[in-house]
Amino acid sequence: MKTKSKEIKIAVATIISALLLYFGINYLKGVNLMKPANYYYTDFKDVTGVTVSTPVMLDGFKIGLVNDMEYNYGKPGNITVELSLDKKLRIPKGSYTTMELSLLGEASVVLHLNKESRDMLNIGDTINGKKTVGMMDNIAVNVMPQLEVLLPRIDTILTGLQAILANPAIHQSLSQINMTTANLETASRQLAVLMNKDIPTITGNLVTASNDFTQVSSNLKGIDLQSTMSSMDQSVKNMESFSKNLNNPGGTLGLLMNDRLLYDNLSNTANNADSLMIDLKKNPKRYVHFSIW
């Protein structure tokens with residue numbers, strides 16, 4: 001009797017362990033066995049990335065899982081995928097499924113409902129599967145060919161850059177740039193010293209000069225410019241009258257300046273006086289007699 005009791009306990013423990021293992025594995029797969037579901041089928045040409053428990057999405061919301069997959073030998077090239085969908089979901093006729101791959105290679109089955117149809121598919125019907133061009137397909141179709149064309153050009157550009165960088169002139173230019181930077185730093189320091197020391201002195205001098213100009217301007221304002229201008233005008237008139245008198249042939253100065261005969265007589269008189277003085281120096285006895293008695 002005790003032996004049978006032990007066997008029953010072992011059997012019960014084994015059954016419970018198997019159930020826990022079954023539910024645990026399905027739970028890890030994301031399958032909720034306690035939630036009722038309807039089963040539909042769809043066909044794909046390629047199921048790369050799709051596995052059992054791959055999510056089925058509708059408008060970004062998870063509505064079910066991939067329950068099973070098998071190759072359709074009746075239609076070579078097609079793979080039948082069994083979908084376990086929410087029991088509340090009703091699928092209109094004309095709906096279709098697509099398979100999409102993420103950048104990480106994770107696949108998902110996306111259900112697209114035909115919202116214009118009011119006729120519904122029966123449970124167990126086959127939903128039309130379509131292949132869509134995903135992001136990876138776009139990269140493979142559009143980007144990769146362009147990359148194949150660009151790669152040789154990039155290689156040529158890199159080779160040219162390597163040749164340029166290997167040129168000694170580049171290193172010399174960098175050294176000169178470094179020297180120029182050092183010179184600019186020195187000039188900046190000198191400019192800072194100039195701004196701190198010399199500029200205030202220069203500014204003070206400018207202020208002093210400005211004050212002097214202000215004083216000069218004040219002094220100029222104090223001058224009677226009207227009287228000064230009148231005096232200058234009178235002086236100009238006097239000079240003009242003097243110039244007229246000089247140019248007048250009837251005046252004394254005019255005669256002296258314009259009479260040729262008077263000029264010649266004066267010149268002859270000067271010459272005679274000069275000759276007389278010379279003769280007086282040579283023969284003073286002719287003109288002066290000394291007598292003591």
So for the pair Phe242, Gln172, with labels modelled 7 Å out along Cα→Cβ, what separation do we get in nm?
7.6
Please tell me which of these pairs span more than 19 angstrom C-alpha to C-alpha: Lys88/Lys115; Lys75/Lys130; Lys45/Lys115; Lys45/Lys88; Lys87/Lys130?
Lys45/Lys115; Lys45/Lys88; Lys87/Lys130
Arranged from highest to lowest average of other beta-carbon atoms within 10 Å per residue, in what order do the peptides 93-100, 183-190, 41-48 appear?
93-100, 41-48, 183-190
Could I have the simple spin-label model distance between Met277 and Ile8, label points 7 Å from Cα toward Cβ, reported in nm to one decimal?
17.8
Ranking request for peptides 145-151, 50-56: highest mean number of other beta-carbon atoms within 10 Å first, then the rest in descending order.
50-56, 145-151
Asn78 to Leu147: FRET efficiency via 1/(1 + (r/R0)^6), r the Cβ-Cβ distance, R0 30 Å, to the nearest 0.05?
0.35
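All of the numbers you see were taken from the coordinates with simple rules; none came from a lab. Everything quoted here is computed from the prediction, not taken from an experiment. Using ideal geometry, Cβ is built from the backbone for each residue, glycine included, and neighbour counts are taken over all protein chains shown.
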